[in-house]
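The values are calculated or read from the model by the stated rules, or taken from the named source; none is laboratory data. Values in this document were obtained by computation on a predicted structure and should not be read as measured data. Neighbour counts are summed over all protein chains in view; Cβ atoms, including those assigned to glycine, are modelled from backbone coordinates with ideal geometry.
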Amino acid sequence: MQQFAAETSAGGDFLERVAEDGGGLDAAELFAAQRERRLEDLTAAFFVPDKGLHRGVLRRMGLETFCTEPSFSNLRQHMRDLIGVLASDVSRHCIVQARLLAYRTEDPKVGVGAVIWAEGKSDRCDGTGRMYLVGCGYNAYPAGSEYAEFPQMDTTQEDRQKRKYRYILHAEQSALIFRCAEIKEDENTMLFVTKCPCDECVPLIVAAGIKQVYTTDLDSGKDKHDISYLKFDRLQGVQKFVWQRNTQAGDVSELPKHPLSNGCVRNCETTAEEGHCTKKARF
Ligand SMILES: Nc1ccn([C@H]2C[C@H](O)[C@@H](COP(=O)(O)OP(=O)(O)OP(=O)(O)O)O2)c(=O)n1
């Protein structure tokens, strides 16, 4: 995520204009200097440098479970990553939004967030320049469903009939179905999603007229039977920006086995029973 936030921001044409206006400054150097400055400011504002102090803050917030390892180190790394994303520019809000939306998931195992933005023809007065929000969503059961009304098991658990896959509305589907603005043929409409789009979502994304997709390679190329991720790699006609997690040194391979939907990790196995009882109340 950090990588594609940085790359997209570095490639933004406003930087080139600033560089030109500055009498032919180097856009890459300009970007690096700005990013470094922002990183310092944001780190000073949001990162607790002292670990003991950080643990104390978590305890006061009633979050003792985050104080033990590996949760504590993971939490600090997530915070550093998020600050890194925030320090980049153009796409940072969109990516952070998608990431935050993922925390609202109703899937007990994996949270996915999606947000759609479009680039209009003229500036708007809400501070977002030409960009305007088209829709957003996260993976969840149909709106209005009651606690435990639908199964929540994943592919690692038995009894195919009782698995979650056929009932959950995907983050991208939710963002597209409940969008608050139409997608226009002649505008650049961008989808930001925290997990590789699955084979059911890819045709919907194309049909809706999305022009750019920003995502990760998480599960890309996998066929898990209940859900598969084969089509996105082959997708043509849509610009793809993919954060390649697997090529990042010290990334996924070092994480403990079970990432939770809230961004933390769990080391123990989830039982089928647990999988059925974690539906959150809807507000
Ligand atoms: N682009 C995507 C991809 C997936 N999902 C949602 C639908 C399901 O709620 C969940 C499925 O994720 P996985 O494919 O990672 O399945 P599991 O993690 O549950 O299964 P496994 O144990 O096989 O990894 O993610 C989504 O909203 N948008």
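Could you go through the stretch 36-49 and let me know if any residue there is exposed (fewer than 13 other Cβ atoms within 10 Å of the Cβ), within 21 Å of the chain's Cα centre (by Cα) and assigned to a helix (DSSP H, G or I).
Yes, because at least one residue in the stretch 36-49 is exposed (fewer than 13 other Cβ atoms within 10 Å of the Cβ), within 21 Å of the chain's Cα centre (by Cα) and assigned to a helix (DSSP H, G or I).
If Val193 passes every condition in (1) closer than 14 Å to Val112 by Cβ; (2) out of contact with any helix residue (DSSP H, G or I) (no Cβ under 6 Å at 6 or more places or on another chain); (3) of a type in the set (A, V, I, L, M) but one, which one does it miss?
Failed condition: (2).
Restricting attention to the stretch 170-180, does a residue exist that is free of Cβ contacts under 8 Å to residues at least 40 places away in the same chain, crowded, with 20+ Cβ neighbours inside 10 Å, outside any loop (DSSP other than H, G, I, E, B) and in contact with a Leu (Cβ under 7 Å, 6 or more places away or on another chain)?
So far as the stretch 170-180 goes, no, none of its residues is free of Cβ contacts under 8 Å to residues at least 40 places away in the same chain, crowded, with 20+ Cβ neighbours inside 10 Å, outside any loop (DSSP other than H, G, I, E, B) and in contact with a Leu (Cβ under 7 Å, 6 or more places away or on another chain).
Return the total of residues in the stretch 153-166 being more than 9 Å from the ligand (Cβ to nearest atom) and either surrounded by 14 or more Cβ atoms within 10 Å (Cβ to Cβ) or modelled with pLDDT of 80 or more (or both).
2
Hey, can you tell me all the residues within the stretch 79-135 that are farther than 14 Å from Phe192 by Cα, within 16 Å of the ligand (Cβ to nearest atom) and either of a type in the set (D, E, K, R) or modelled with pLDDT under 90 (or both)?
Arg104, Glu106, Asp107, Pro108, Lys109
Return a yes/no flag: does the stretch 54-74 have any residue that is in contact (Cβ under 8 Å) with a residue 40 or more places away in the chain, within 21 Å of the chain's Cα centre (by Cα) and in a helix (DSSP H, G or I).
Yes, the stretch 54-74 contains at least one residue that is in contact (Cβ under 8 Å) with a residue 40 or more places away in the chain, within 21 Å of the chain's Cα centre (by Cα) and in a helix (DSSP H, G or I).
State yes or no: is Glu200 surrounded by fewer than 21 Cβ atoms within 10 Å (Cβ to Cβ), more than 12 Å from the ligand (Cβ to nearest atom) and among the acidic types (Asp, Glu)?
no
Is at least one residue of the stretch 236-245 farther than 21 Å from Pro151 by Cβ, crowded, with 18+ Cβ neighbours inside 10 Å, modelled with pLDDT of 85 or more and under 21 Å from the mean Cα position of the chain (by Cα)?
No; the residues of the stretch 236-245 include none that is farther than 21 Å from Pro151 by Cβ, crowded, with 18+ Cβ neighbours inside 10 Å, modelled with pLDDT of 85 or more and under 21 Å from the mean Cα position of the chain (by Cα).
If we keep just the residues of the stretch 204-232 that are over 23 Å from Arg99 (Cβ atoms) and without any contact (Cβ under 8 Å) to a residue 24 or more places away in the chain, which is farthest from the ligand (Cβ to nearest atom)?
My answer is Ala207.
Scan the stretch 209-230 residue by residue and report those that are at pLDDT 95 or above, buried (at least 19 other Cβ atoms within 10 Å of the Cβ) and not hydroxyl-bearing (Ser, Thr, Tyr).
Within the stretch 209-230, Ile210 is the sole residue that qualifies.
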